[in-house]
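Heads up: the structure comes next, in structure tokens.
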């Protein structure tokens, strides 16, 4: 049964990619490569530079995720540089390959075990990093729905042919507003729990401690910062004359990125594009596809290529170190 479960999510991810790409093809088959290229050229160099800065901000926030988790564990002797490289490599690989194939836990354990962390500590680190991300989604989702409650109705309206009951439920601005307040209420409870210093939860040998206020405050900043940076890439890559505004792009990005994660598709391939083009159907589709391509290049493809080089260099150094150790400790070397 366990072996069967190991194949379930990869199969789900593949099916999600195939279905999404098929739907996307039928939706965008009237577009030409020339139109997309013209949309890419319509973006100014200034906006491309801002998109690059947004990418750097997003990955800096992801490195902060790891730093925050290490702070929660009480570990302060690992340099920022090492944490940043480990975080960058972890997310660049897992974003593209998918957590079901090459999980962040495996990459982090390979890196942090060298620094003395146990498997339990790495598991807590991975869990806290994931929670920081979802906390950012909840915070920004709550803010968007309370400030612009009509956006959820508009988004569900684009997908009404998939789920009519869901569209009817979410089309009410009051419903959207209350959903936003509920999300922010969850964040408020989390903050109160940290301030109240709730007791640790012990599950057999596993001890789960509530983050201290200092850690919690950092999570509240780092989580939204990463998502704002990632959404900013697409925002700056859409030509100004058809750009619907950052709040709209952020709302669509949160929905699209979440759908891509749930699908288990490697890199959200097809799923992310389908959600974006459907939600922004009132914008020239060539402009939307061009913006998503810029996002994939800056946030996924280039980091993936760099991370492969980093992993190869690290493994080469580890292999050379192991070889030198074996050479110097041969039994014949100790003969009188």
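Please treat every number below as a calculation from the coordinates, not as lab data. All figures in this text were calculated on a predicted structure; none of them were measured in a lab. FYI the Cβ positions are ideal-geometry reconstructions off the backbone, even for glycines, and counts take in every protein chain you see.
When peptides 55-61, 178-184, 248-254 are ranked by their average number of other Cβ atoms within 10 Å per residue, the highest-first order is 248-254, 55-61, 178-184.
Per-peptide packing, taken as the mean over residues of other Cβ atoms within 10 Å, places 44-51, 299-306 in the sequence 299-306, 44-51 from highest down. As a proxy for reagent exposure, ranking 186, 257, 295 by other Cβ atoms within 10 Å from fewest up yields 186, 257, 295.
At a 10 angstrom cut-off on C-beta neighbours, averaged per residue, how do the peptides 276-283, 79-86 rank from highest to lowest?
On the way: 276-283: 19.4, 79-86: 14.9.
The most tightly packed comes first, giving 276-283, 79-86.
The fewest-to-most ranking of 76, 115 by surrounding Cβ atoms within 10 Å reads 76, 115.
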